[in-house]
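Q: I'd like to ask some things about the structure below.
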Amino acid sequence: MKIAIVHDWLTLKGGAEACLEEFLDLYPQADLFCVVDFLPEDERAFLKGRRVTTSFIQRLPWASKRYRSYLPFMPLAIEQLDVTGYDLVISASAAVAKGVITGPDQVHISYIHSPIRYAWDLQHQYLGEAGLTKGVKSALARLILHYIRMWDTRTSNGVDDMIANSAFVARRIRKAYGRKATVIHPPVNLDRFNMGAAKEDFYITVSRMVPYKRIPLIVEAFAKMPHRRLIVIGDGPEMAAVQAVHAPNVMIMGRQSDEVVVSHLQRAKAFLFAAEEDFGIAPLEAQACGTPVIALSKGGARETIRGRDGEGQTGVFFSEQSTDSIVAAVEHFERRQQDITPEACRANATRFSTERFRREFSAFVDRAMERSSNELSRSDSVSDRSHADAVLEKPYSDEASDRVAPQTSEQKASLVRLHQVDNHDEVRRPTRSGTIGA
């Protein structure tokens, strides 16, 4: 069976790419497609030398640095990726991947990290952060996003089965596309993160520094708590805003290797997370290291953190994105710290293991393929019956003038069998196997 995997874009290895890695391991025979591929060489190991088919945007000027600026062209770009020769198409979509064009005899399963955030419920937030709240540029941006929403809704009809990476995203899918989605949470590589029982006197946040992650807000909160230490690991467009906050108790380390990140996660007192994420893999990686999480009580965090006081607690929630709310949550954690154990954090993270993800996803795909095979078989049966009925209704004209149309059911059945023998060379569409190994 031929399989295509369609990804939005490859520019860095994040949470979406962790899922992509599992898809590629599950289906090593699959071909990979995406809009652009500018993934650094030191992050390409999980592709295992696989060739990536990209769109025309790959060749446009400045695409390597400003590929997001070509958003208006991305619907066209994803539609030009030719996957017509594949039985199964798996799209991993947080933007446009699910819009790849498939035919009626192909199975298209879309693992949706999110409907396009900046086109749907987060439109006003993104426009505000981009300084596009008024003027001609704002009007143009809103017009483009309106077009993107219409295209996004239309292309949802081309997906046979939708999988959401969280119940939160499943609700967003229902709002945007009016469709139900099965929830299969992303995987956490527990082998990469070992539990650290000995905790030191510092807090940590690890993140790409993009606006919705709200890293400057976390730093500002710790500026109000000079007696609490914070370590910040990561890089991105918001680095200047982070560095602009005067907080001697905050150490900004920038981008670090996996080894350094894991070491700090294992030793930290708690992990800070202020984003409203669709799922959020970082809090689970912290818990896999035995480290509690202090997080915004919105989005996917509510599914991955046990933030209520009591047995099995793995963190503390704060209710709003404000410095005062974060400060209050940190102080509450300090009071609860002895009751939140590394063992409880690790046990919670194991619910999201790689093995669980592979088992659930492959079972879902097998069921979808079996259902498609059955539908094609039923279609063939209907076609055969219609053909036989047409034969029986056809007027008889034969050189033997005494030949008459059959009248009894036995005579009709005999004639159908005879007709099938006479037409043994008729080409019939093969049905697709319902298992991945076929």
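Q: State the number of residues belonging to the stretch 78-131 that are polar (S, T, N, Q) and open to solvent by 50 Å² or more (accessible area, probe 1.4 Å).
A: The number of residues fulfilling the criteria is 3.
Q: For residues that are part of a loop (DSSP other than H, G, I, E, B) and over 21 Å from residue 287 (Cα atoms), scanning just the stretch 180-189, find the one that is least open to solvent (accessible area, probe 1.4 Å).
A: That would be 181.
Q: Give the residue, chosen from 22, 17, 41, that is in contact with a Lys or Arg (Cβ under 8 Å, 6 or more places away or on another chain), on the phi < 0 side of the Ramachandran plot and of a type in the set (D, E, K, R).
A: None of the others qualify; the one that does is 22.
Q: Quick check on the stretch 38-64: of everything there that is part of a helix (DSSP H, G or I) and among the aromatic types (Phe, Trp, Tyr), which residue is modelled with the highest pLDDT?
A: By that ranking, first place goes to 56.
Q: Could you say whether any residue in the stretch 39-56 is among the aromatic types (Phe, Trp, Tyr) and within 28 Å of residue 300 (Cα to Cα)?
A: yes
Q: Is at least one residue of the stretch 244-257 of a type in the set (Ser, Thr, Tyr) and within 23 Å of residue 304 (Cβ to Cβ)?
A: No, the stretch 244-257 contains no residue that is of a type in the set (Ser, Thr, Tyr) and within 23 Å of residue 304 (Cβ to Cβ).
Q: Within the stretch 271-297, which residues are among the hydroxyl-bearing types (Ser, Thr, Tyr) and either open to solvent by less than 10 Å² (accessible area, probe 1.4 Å) or more than 24 Å from the chain's Cα centre (by Cα) (or both)?
A: 291
Q: Only residues that are among the hydroxyl-bearing types (Ser, Thr, Tyr) and open to solvent by less than 30 Å² (accessible area, probe 1.4 Å): list them for the stretch 298-325, please.
A: 304, 314, 322, 323, 325
Q: Next up: Just the residues that are open to solvent by 50 Å² or more (accessible area, probe 1.4 Å), of a type outside the set (A, V, I, L, M, F, W, C) and either at positive phi or in contact with a strand residue (DSSP E or B) (Cβ under 9 Å, 6 or more places away or on another chain) (or both), please, taken from the stretch 25-38.
A: The answer is 29, 31.
Q: Still on this structure, I have one more. Where in the stretch 277-376 are there helices (runs of 4 or more DSSP H), lying wholly inside it, with at least 2 residues that are without any contact (Cβ under 8 Å) to a residue 12 or more places away in the chain and under 30 Å from residue 122 (Cβ atoms)?
A: It comes to 323-336.
Q: While we're looking at this one, here's another question. I need the full set of residues from the stretch 62-102 which are over 21 Å from the mean Cα position of the chain (by Cα) and of a type in the set (Lys, Arg), in order please.
A: Listed by number, the residues that qualify are 65, 66.
Q: With respect to residue 421, is the statement that it is surrounded by fewer than 11 Cβ atoms within 10 Å (Cβ to Cβ), modelled with pLDDT under 55 and either part of a helix (DSSP H, G or I) or at positive phi (or both) true?
A: Spelling it out, residue 421 is indeed surrounded by fewer than 11 Cβ atoms within 10 Å (Cβ to Cβ), modelled with pLDDT under 55 and either part of a helix (DSSP H, G or I) or at positive phi (or both).
The values are calculated or read from the model by the stated rules, or taken from the named source; none is laboratory data. All of these numbers come straight from a predicted model, not from anything done at the bench. So basically every Cβ, Gly included, is an ideal-geometry build from the backbone, and we count neighbours across all protein chains shown. Each accessible area value is taken on the protein alone, full model and side chains, heavy atoms only, with ligands, DNA and RNA left out. Shrake-Rupley method; radii C 1.70, N 1.55, O 1.52, S 1.80 Å.
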